Each structure stands twice: as C-alpha cells, then as structure tokens.
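Working notes for the structure below.
The values are calculated or read from the model by the stated rules, or taken from the named source; none is laboratory data. Everything numeric in this text was worked out from a predicted model, so none of it was measured. Neighbour counts are summed over all protein chains in view; Cβ atoms, including those assigned to glycine, are modelled from backbone coordinates with ideal geometry. Each accessible area value is taken on the protein alone, full model and side chains, heavy atoms only, with ligands, DNA and RNA left out. Shrake-Rupley method; radii C 1.70, N 1.55, O 1.52, S 1.80 Å.
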Amino acid sequence: MLISDKMKPLLENNSAIRAMFEEGKKMAAVYGAENVYDFSLGNPSVPAPLEVKQAILDILEEEPSGLIHGYMSNAGFEDVRQAIAESLNRRFQTAFQAKNLIMTVGAASGLNITLKALLNPGEEVITFAPYFVEYGSYVRNYDGVLVVVSPNTETFQPNLDEFEEKITEKTKAVIINSPHNPTGVVYSEETIKALAAIMERKQKEYGHAIVLISDEPYRELVYDGVTVPYLTKYYANTIVGYSYSKSLSLPGERIGYVVVPDEMEDSSRVIAAMTIANRVLGSVNAPSLMQRVIMRCLDAKVDVEAYDRNRMLLYSSLKEYGFTCIKPQGAFYLFVKSPVADEKEFCEAAKKHHILVVPGSSFACPGYVRISYCVSYDTIKHSLPGFKKLAEEYQLS
Ligand code: PLP
C-alpha cells in the first residue's frame with residue numbers, strides 16, 4: 001500500500017462526525033432537508049456579523065493589494081497582532097504585545113504548531129475525557145502520546161485526583177478546553193486554580209516545565225453571564241489557542257491565533273519555534289485578508305442570543321421528556337446520557353426519527369451522545385416530536 005503506516009488507522013476510523021455529516025446529506029436528498037434534523041456538526045448556524053462583510057469590502061477598496069495578498073512574517077502582520085494584544089489587555093488586564101501572538105490557520109493549526117514546537121517522541125500530553133477527538137491525531141503527528149483522564153460524568157468538570165496521578169516524568173503538556181466541546185461545561189475559577197496548583201507542584205517535583213495549552217474556540221459563546229477565566233493569569237507556562245471559527249462564525253476562513261506570555265519559561269524561543277512550525281508545517285502564515293479583517297472586527301460579535309434560545313428550548317424539552325443531561329453554560333453542544341449503555345444503538349434509533357447525533361465514544365466517553373444545537377430554531381422545534389417518541393420508546397418518563 002502506498003500510504004504511510006501512520007495514516008492507515010486514520011483512514012480506517014475516518015471521523016464518525018464526518019460520516020454522520022455525509023449520511024445527513026443522503027437523508028436530506030431522500031426525505032427533504034427540512035425533515036432531517038442534523039445535530040452532528042459544529043458548523044455555526046448564526047451568520048458572521050455584518051462588520052465582517054463590510055471590513056472585507058473596505059479592505060479591498062482601501063488597502064494596497066500587495067499588503068492584502070502578499071506574504072508577511074510567518075507570525076502574521078505585526079499591526080494585527082498588536083491590535084489583538086491590546087484588545088486582550090483591555091478585556092483581561094494582561095500585558096501582551098504583538099510579539100506574544102502568532103496568527104494561525106484556526107485553532108487546529110494553533111494546536112499543531114504548539115505541539116510541534118514542544119514535543120519530543122514519546123512525551124506525554126494529558127487531556128480530559130470527553131475531548132475533541134482530533135487532539136489524539138495532533139499529538140500523534142509529533143510522535144507524542146495522548147494520556148486521557150476519565151470523565152467525571154456527574155459534573156463534567158475535570159477529574160483532578162486522577163489528573164494528578166497521571167502526571168509523570170514524561171508529561172510535557174496538558175490540553176484543556178473551556179467552554180467545552182462536547183459538554184458545554186465552563187471551568188470555574190476554582191477549578192482552574194486547583195488545576196494550576198497541581199501543575200505547579202508537579203513541575204517542582206519533576207524539575208521541568210509542564211505546559212498548559214488552553215484551547216479556546218468557544219470563549220465568546222457563554223450564557224447566563226458566566227465568565228471564562230483568562231488562564232495566563234493563573235499559570236505562567238500557559239499557551240492560549242484562540243479561533244474566530246465560532247466566535248465570528250468563520251470556520252471555513254481558517255483564522256485564529258496563539259498567545260505565549262512573557263512569563264512562560266523560555267518564552268522567546270518557544271515563540272520562535274512556533275513561528276517556524278507555521279512555516280515548516282506548510283501553512284506558512286494565516287490567511288492575509290482574514291488577518292486584516294480581524295483587525296477591523298475586534299469588537300464584533302455573533303448573535304449569541306440565538307444559540308441561547310436553541311439551548312433553552314432543547315435543554316428544557318429533553319429534560320421534560322426524561323433525558324438526563326447537564327445544562328450547558330457555553331459552546332453550542334448538549335451532551336445527553338444515552339438511555340442504553342451502547343449509545344451507538346441509540347444513535348441508530350434516533351436516525352429512524354431523522355435525528356442525527358454523534359456517539360460519545362467519538363469523544364472517549366461512551367454512553368452519551370452529543371447534540372450540536374448550532375442549527376436553526378425551527379430545526380430544533382421540528383425535531384422535538386422525534387425526541388419525545390424516542391423517550392417513549394425507551395420509557396424514560
Ligand atoms: N478545538 C475544539 C474544542 C473544537 O471544537 C474545534 C472545532 O470544532 C477546534 C479546536 C478546531 O477549530 P478551528 O476551526 O478553529 O480549527
């Protein structure tokens with residue numbers, strides 16, 4: 001076979017989420033798109049803010065084409081990075097400068113340049129189940145080993161006792177994600193402080209840095225006035241990965257950034273390594289037009305209220321029908337306990353009602369399913385009779 005040994009398992013397990021997406025398209029062709037309730041993908045349903053379109057038009061009129069479309073530093077435009085740094089400083093009382101930021105091709109690329117810069121073969125990266133399935137692929141890209149802490153299914157807050165036990169001499173980094181995909185949980189300040197204290201202790205014990213990687217594409221999508229702590233203030237060896245995929249509904253444009261604070265050990269060399277990683281991994285730099293757009297849209301926001309309406313309707317209806325799930329505080333996902341231990345069986349049963357949801361085993365948390373509620377309000381409304389029938393089939397109430 002021509003393909004590499006590393007790629008073979010990826011071909012075989014080709015993401016269940018994608019497979020579901022394809023199935024949704026097929027079902028839509030047979031039953032009509034309006035009769036299929038596809039909750040499988042995290043593709044934002046809320047349009048990008050109008051400021052984005054206006055910024056694109058203005059930039060094309062006002063800025064020189066060589067600037068808009070040319071190469072720039074592999075870290076991105078300096079003025080764009082400086083503007084984002086100042087915006088972060090205003091919002092979170094931090095002290096970043098342009099040099100602390102690297103523009104990236106979305107959060108995915110931010111994680112990849114981070115891991116490329118940090119990992120030696122065999123070094124371990126810890127994360128908490130359930131987790132965004134690509135973390136495993138990203139860590140393996142650099143011959144690292146992903147170590148998974150089992151889920152606390154009562155709260156879906158991180159299981160810190162097990163976390164502490166799983167930190168070893170080989171632990172190089174820890175990936176956390178809050179607001180969280182797939183549960184919608186937001187880590188509280190107490191949780192962050194406890195996590196940071198454990199990591200400080202372990203750094204001392206092993207005599208080397210353990211990097212906290214905060215994957216934050218959902219930072220802006222929070223409800224009920226919940227706040228999301230800015231992690232560099234709690235733990236010096238933190239790298240923050242951000243993306244505009246969800247916060248400005250621009251996932252296809254592939255734009256985000258990472259922040260490496262000065263307080264981080266070996267900060268300037270880490271930044272230099274990550275910048276080179278941008279180049280050698282082949283993305284070279286983040287899309288130039290989108291960088292210029294972000295500079296003009298620093299205060300733009302998507303309609304989070306629309307997601308909140310979806311959240312409330314779906315959560316309250318499913319609870320009423322007898323399903324078990326925690327109320328999400330952020331992102332646009334509901335993580336629901338499957339009425340049968342094998343959640344794939346439940347996903348199949350849901351399909352009979354034209355409802356597509358993703359099995360929790362895709363997030364290393366079997367027995368649950370993820371419902372992405374970044375869909376239209378009508379999709380949710382029209383799916384409810386199907387969920388009600390499912391609850392009846394499984395005698396939930
Ligand atoms: N991290 C998490 C937790 C995600 O849910 C996603 C996308 O759904 C990503 C990273 C990748 O985001 P991006 O589109 O910015 O690469």
Away from the ligand (no atom under 16 Å from the Cβ) and either in the same structural domain as Tyr37 (by TED's automatic domain parsing) or of a type in the set (Phe, Trp, Tyr) (or both): does that describe Gly322? yes
Pairs please, first residue from the range 275-287 and of a type in the set (Val, Ile, Thr), second anywhere and at pLDDT 95 or above and surrounded by 19 or more Cβ atoms within 10 Å (Cβ to Cβ), Cβ atoms under 6 Å, 6+ apart in sequence or on different chains. Thr275/Asn74; Thr275/Ala75; Thr275/Ile102
Every residue in the range 187-220 that is within 16 Å of the ligand (Cβ to nearest atom), farther than 14 Å from Phe128 by Cβ and not basic (Lys, Arg), please. Glu216, Pro217, Tyr218, Glu220
Selection count where residues are open to solvent by 10 Å² or more (accessible area, probe 1.4 Å), in contact (Cβ under 8 Å) with a residue 40 or more places away in the chain and more than 11 Å from the ligand (Cβ to nearest atom), scope the range 231-248: 3
When residues of the range 1-57 are limited to those that are among the aromatic types (Phe, Trp, Tyr) and touching a Ser or Thr at 6+ places or on another chain (Cβ under 6 Å), the one modelled with the lowest pLDDT: Phe21
Quick check on the range 199-218. Is at least one of its residues in contact with a Leu (Cβ under 9 Å, 6 or more places away or on another chain), open to solvent by 10 Å² or more (accessible area, probe 1.4 Å) and of a type in the set (Gly, Ala, Ser)? no
Which of the residues belonging to the range 357-397 are crowded, with 23+ Cβ neighbours inside 10 Å, closer than 14 Å to Met27 by Cβ and not hydroxyl-bearing (Ser, Thr, Tyr)? Val357
Tell me, which residue of the range 83-107 that is in contact with a Phe, Trp or Tyr (Cβ under 9 Å, 6 or more places away or on another chain) and open to solvent by 40 Å² or more (accessible area, probe 1.4 Å) is nearest to the ligand (Cβ to nearest atom)? Arg91
Using the structure shown, decide if Val258 is closer than 23 Å to Tyr138 by Cβ, open to solvent by less than 20 Å² (accessible area, probe 1.4 Å) and within 16 Å of the ligand (Cβ to nearest atom). yes
Could you count how many residues in the range 150-175 are away from the ligand (no atom under 16 Å from the Cβ) and either free of Cβ contacts under 8 Å to residues at least 24 places away in the same chain or outside any loop (DSSP other than H, G, I, E, B) (or both)? 12
Count, please, the residues in the range 15-69 that happen to be part of a helix (DSSP H, G or I) and polar (S, T, N, Q). 3
Name the one entry in Asn112, Asn120, Asn141 that is open to solvent by 10 Å² or more (accessible area, probe 1.4 Å), more than 16 Å from the ligand (Cβ to nearest atom) and out of contact with any His (no Cβ under 9 Å at 6 or more places or on another chain). Asn120
